[in-house]
Structures are given as C-alpha cells and as structure tokens.
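Okay, so here's the structure we're looking at.
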Amino acid sequence: MTVTLYGNVEKALARHGGVQSFMAELLFEMKAHADVELAAHRHDGHAAIDIARGRIDHYLVLTDERGQRAALSIEFGRAGYIDPETGATWGAMDGLFILHRVARLPRKRKTLKREVRRRPGRGPGR
C-alpha cells in the first residue's frame, strides 16, 4: 500500500494542537532546568532565560538585554586579552553552555586567540 501526501504536511503537523502543547510543555521544562543552572553561576548580572514563540516555532533564549549584553559570552565563553609584551592573559571565561545542556546538544567551541597590538609610541596610560 502506498500513501501519497499532498500539500505542506510538515506545516500542518507543526500547527497541530497536540504538537504545540507538547512543545510548550517541553520548553517550560527546559526553561526550569536552565533557570536553575543560570542561577547557580550568576554573580551579579541581569541575564535571564526566556521562552519566545513565533507563529509555529518555540525558542529557548538566553537574554541579557538589561545588563552588559553578554549572552553570547555567557553561553560560549570568551577569549582573554593577551599582553604581547608579557604574554599575560586576563578576562578569559569558559562558556557555561546552559542552553546546550538543557537541549542536550553537543558542545562545540573553537579556541579563540586574540592578540592586541599597540600602535608604535602608544603604551598604557598615554
């Protein structure tokens, strides 16, 4: 027996009430876990986990719009400043990968190295 489906079946299934209810429940649970993880690591920031909803899709969002706008650095980390003269590094931070963990996604992070070059004749405090 062969079944032929016409039209946009994926869109019809995505809009189905049962699928939408399941996605809402799943995201609510993921948000609860992400809130716990973020609270365990937050020092004094304004970052928060939100649920955004489009016409069909649901999104789990790490937002820091009220603070330093550092959501990307919180999730993935950031490279530190490397002093070219001394080689000292500071300001580096490992990512928390909160959204990755709650969504059970693999963590893939490229190691970033950033060197800041000073203009000739300009040093600290000049």
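The values are calculated or read from the model by the stated rules, or taken from the named source; none is laboratory data. Only a predicted model underlies this, so the values are computations on that prediction, with no experimental measurement involved. Glycine also receives a Cβ, built like all others from the backbone with ideal geometry; neighbour counts cover every protein chain displayed.
Considering region 85-126, the residues that are out of contact with any Gly (no Cβ under 6 Å at 6 or more places or on another chain), at pLDDT 85 or above and of a type in the set (A, V, I, L, M, F, W, C) include one that is farthest from E29 (Cα to Cα), namely A88. Quick check on A34: is it surrounded by fewer than 12 Cβ atoms within 10 Å (Cβ to Cβ) and either assigned to a loop (DSSP other than H, G, I, E, B) or under 19 Å from the mean Cα position of the chain (by Cα) (or both)? Taking the combined requirement at face value, the residue does not satisfy it. Being among the charged types (D, E, K, R), free of Cβ contacts under 8 Å to residues at least 60 places away in the same chain and surrounded by fewer than 10 Cβ atoms within 10 Å (Cβ to Cβ) is a condition met by at least one residue of region 38-47.
The number of residues in region 26-57 being β-branched (V, I, T) and modelled with pLDDT under 90 comes to 1.
Within region 48-86, being of a type in the set (A, V, I, L, M, F, W, C) and without any contact (Cβ under 8 Å) to a residue 40 or more places away in the chain holds for A48, I51, A52, V61, L62, A70, A71, L72, I74, F76, A79, I82. Criterion applied to L72, L62, L99 was being in a strand (DSSP E or B) and either touching a Phe, Trp or Tyr at 6+ places or on another chain (Cβ under 8 Å) or not aromatic (F, W, Y) (or both), and the one residue passing it is L62. Scanning region 78-87 for residues being small (G, A, S) and surrounded by 10 or more Cβ atoms within 10 Å (Cβ to Cβ) gives a total of 2.
The single condition among (1) under 29 Å from V9 (Cβ atoms); (2) more than 11 Å from the chain's Cα centre (by Cα) that V61 does not satisfy is (2). Taking the criterion of being over 30 Å from A12 (Cβ atoms) and either surrounded by 12 or more Cβ atoms within 10 Å (Cβ to Cβ) or of a type in the set (G, A, S) (or both), would at least one residue in region 101-110 satisfy it? Taking every residue of region 101-110 in turn, at least one turns out to be over 30 Å from A12 (Cβ atoms) and either surrounded by 12 or more Cβ atoms within 10 Å (Cβ to Cβ) or of a type in the set (G, A, S) (or both). Number of residues in region 58-84 that are modelled with pLDDT of 90 or more and among the charged types (D, E, K, R) equals 1.
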